[in-house]
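Accompanying notes for the structure given below.
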Amino acid sequence: MDRIRIVGGNKLNGTIPISGAKNAALPLMIASLLTDETLILDNVPRLADVAQLQRILGNHGLDIMAAGKRPGDHEYQGQTLHISAANIIDTTAPYELVSKMRASFWVIAPLLARMKEAKVSLPGGCAIGTRPVDLLIMALEKLGAELQIDGGYVIAKAPGGLVGAEIDFPKVTVSGTHVALMAATLAKGTTVITNAACEPEIVDVADCLNKMGAKVSGAGTTRIVIEGVKKLHGARHTVLPDRIETGTYAMAVAMTGGDVQLAGARPELLQSALDVLTEAGATITPNNEGIRVARNGAGISPVKVTTAPFPGFPTDLQAQLMALMACAKGSSHITETIFENRFMHVQELARFGARISLDGETAIIDGIAKLKGAPVMATDLRASVSLVIAALAAEGETTVNRVYHLDRGFERLEEKLSACGATIERISG
Ligand code: EPU
């Protein structure tokens, strides 16, 4: 199993290109199941989760072609995928494939909408909580589907097709909103989703669905209205930049010091995180090419942060912020409200000497002057990258084990960081 070796202490200086967003690319690829024409997606990140979803879609009978480089493409441009679901030969998503990635469960929505049936294994995914699918099932039932759970599979049928409905989520859910949105595009009549998730990735998917002929309005607000249509068609869409990758590198620069341009980043996708970084002492300058992040001289100030659905501080940046606060001048409080078990990085950050105690949903971090490198490993994607951030600023050497978590969500992490002066390398085997 690959490991990453980091020798900390270098400031980061230079340019980091931001990749396409994993959490938009995955539902966009899944949306290709809604049409028998080709969906072309540009700026798809080269990630293990994308490759896994390609396998899952391939199992349903989709043809996926990754286009080669074109003249003028810059080095880090994401791949272009041509996805054709002309013939769906299998409406089952098996355990072996779905258990590796939670988002693959979402194929249930387009399969049900277009093929009127689906059999999808209950999902796996990151070890960050129980992560049920009750709200996804509720949404599909509202749209007229009959669902039952049998042998670890959700078996869904809608023999007469889905029918528009009012779906009021009792709690904000990204997965629930994606599923309701995709399913409703081909339902008979109008669907109104209330208390919908407002995450930028929902807006990106809705934009793409509209290009495919869907009639979606209100995405990005808590009330989304979908007028069902009979058929969707092919389209071309560019995946939006990854706000979590952006925030992660911004925190890395705040931690090590230095001056880095995050090329292609869009500040409005993570304003709450940028505000927290400013409070912590970083200088954030949005410009035409992205966002410039610098910290020179000044120490890191402690902060009080609570994770919340968009536009609040994202849970997917909570671990990274905790790494940063481990070196703040004082005591920070970070409260996690989205997932109940998302503090697995606390014990690993402690290996660097970080002083963190837990009080229910809140972590109290007493900053120390310097972290010290150590062998570490993590159990989920964002926790793993928080260890990389800590290691970049720590004194001495760190080995991060279980690198496959990082490969799920960070494209060319070592390359991007070493181009800015970090001492970081992958050790294979
Ligand atoms: N929830 C339920 N029932 C459901 C669905 C969700 O109780 O049927 C709960 C969850 O357990 C959680 C809360 O609702 O406590 C929010 O879950 P949500 O559905 O919003 O999360 P998700 O769609 O499963 C996506 C991202 C996560 C990100 C969350 C929150 C993708 C592929 N995943 O997950 O990203 O943390 O939204 O923003 O888009 C990651 O990229 O590392 C990651 C975990």
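The values are calculated or read from the model by the stated rules, or taken from the named source; none is laboratory data. The model shown is predicted, which means the values in this text are computed figures rather than measured ones. Neighbour counts run over all protein chains shown; Cβ positions are idealised from the backbone, glycine included. Note: accessible area is taken over every heavy atom of the protein model, side chains too, but ligands, DNA and RNA are not part of it. Shrake-Rupley method; radii C 1.70, N 1.55, O 1.52, S 1.80 Å.
What is the one condition in (1) farther than 21 Å from Arg46 by Cα; (2) open to solvent by 60 Å² or more (accessible area, probe 1.4 Å); (3) within 15 Å of the ligand (Cβ to nearest atom) that Tyr404 does not satisfy?
The one condition Tyr404 does not meet is (1).
Please work out if Lys100 is within 15 Å of the ligand (Cβ to nearest atom), assigned to a loop (DSSP other than H, G, I, E, B), open to solvent by 40 Å² or more (accessible area, probe 1.4 Å) and at pLDDT 95 or above.
Answer is no for this residue.
Sort through Lys188, Lys211 and tell me the only one that's closer than 30 Å to Gln77 by Cα, basic (Lys, Arg), surrounded by fewer than 17 Cβ atoms within 10 Å (Cβ to Cβ) and modelled with pLDDT of 95 or more.
Lys211
Could you tell me which of the residues Val260, Val229, Val203 is touching a helix residue (DSSP H, G or I) at 6+ places or on another chain (Cβ under 7 Å) and either open to solvent by 10 Å² or more (accessible area, probe 1.4 Å) or without any contact (Cβ under 8 Å) to a residue 24 or more places away in the chain (or both)? Step through it out loud before you land on a result.
Values: Val260 fails: either open to solvent by 10 Å² or more (accessible area, probe 1.4 Å) or without any contact (Cβ under 8 Å) to a residue 24 or more places away in the chain (or both); Val203 fails: touching a helix residue (DSSP H, G or I) at 6+ places or on another chain (Cβ under 7 Å).
Result: Val229 is the single residue among Val260, Val229, Val203 that is touching a helix residue (DSSP H, G or I) at 6+ places or on another chain (Cβ under 7 Å) and either open to solvent by 10 Å² or more (accessible area, probe 1.4 Å) or without any contact (Cβ under 8 Å) to a residue 24 or more places away in the chain (or both).
Has the range 18-37 got at least one residue that is within 30 Å of Val293 (Cβ to Cβ) and without any contact (Cβ under 8 Å) to a residue 24 or more places away in the chain?
Within the range 18-37 (the criterion being within 30 Å of Val293 (Cβ to Cβ) and without any contact (Cβ under 8 Å) to a residue 24 or more places away in the chain), the answer is no, since none of the residues qualifies.
Taking the range 129-178 on its own, how many of its residues are under 30 Å from Thr337 (Cβ atoms), at pLDDT 95 or above, open to solvent by 70 Å² or more (accessible area, probe 1.4 Å) and more than 7 Å from the ligand (Cβ to nearest atom)?
Residues flagged as under 30 Å from Thr337 (Cβ atoms), at pLDDT 95 or above, open to solvent by 70 Å² or more (accessible area, probe 1.4 Å) and more than 7 Å from the ligand (Cβ to nearest atom) within the range 129-178 amount to 5.
Which of the residues spanning the range 45-76 are assigned to a loop (DSSP other than H, G, I, E, B) and under 30 Å from Leu112 (Cα atoms)?
Listed by number, the residues that qualify are Pro45, Arg46, Leu47, His60, Gly61, Leu62.
Would you confirm whether any residue within the range 154-166 is closer than 22 Å to Thr91 by Cα, assigned by TED's automatic domain parsing to the domain that holds Leu39 and under 19 Å from the mean Cα position of the chain (by Cα)?
no
Quick check on Ala183: is it small (Gly, Ala, Ser), away from the ligand (no atom under 11 Å from the Cβ), farther than 19 Å from Ser104 by Cα and at pLDDT 95 or above? I'd like the intermediate steps shown before the answer.
Working: small (Gly, Ala, Ser): yes; away from the ligand (no atom under 11 Å from the Cβ): yes; farther than 19 Å from Ser104 by Cα: no; at pLDDT 95 or above: yes.
So Ala183 does not fit the description; no.
Taking strands (runs of 3 or more DSSP E) that do not extend beyond the range 108-186, which have at least 2 residues that are within 19 Å of Leu33 (Cα to Cα) and in contact with a Phe, Trp or Tyr (Cβ under 7 Å, 6 or more places away or on another chain)?
Output list reads 117-121.
Among what's in the range 3-44 and is assigned to a helix (DSSP H, G or I) and within 29 Å of Thr399 (Cα to Cα), pick the residue that is most open to solvent (accessible area, probe 1.4 Å).
The extreme case among them is Asn23.
Would you mind stating whether Gly429 is at pLDDT below 95 and part of a loop (DSSP other than H, G, I, E, B)?
Criteria met by Gly429.
Basic (Lys, Arg), farther than 26 Å from His233 by Cβ and in contact with a helix residue (DSSP H, G or I) (Cβ under 6 Å, 6 or more places away or on another chain): does that describe Lys69? Explain how you work it out, then say what you get.
Numbers: basic (Lys, Arg): yes; farther than 26 Å from His233 by Cβ: yes; in contact with a helix residue (DSSP H, G or I) (Cβ under 6 Å, 6 or more places away or on another chain): no.
Taking the combined requirement at face value, the residue does not satisfy it.
Take Glu117 and tell me if it is more than 8 Å from the ligand (Cβ to nearest atom), closer than 14 Å to Pro159 by Cβ and modelled with pLDDT of 95 or more.
The answer is yes for Glu117.
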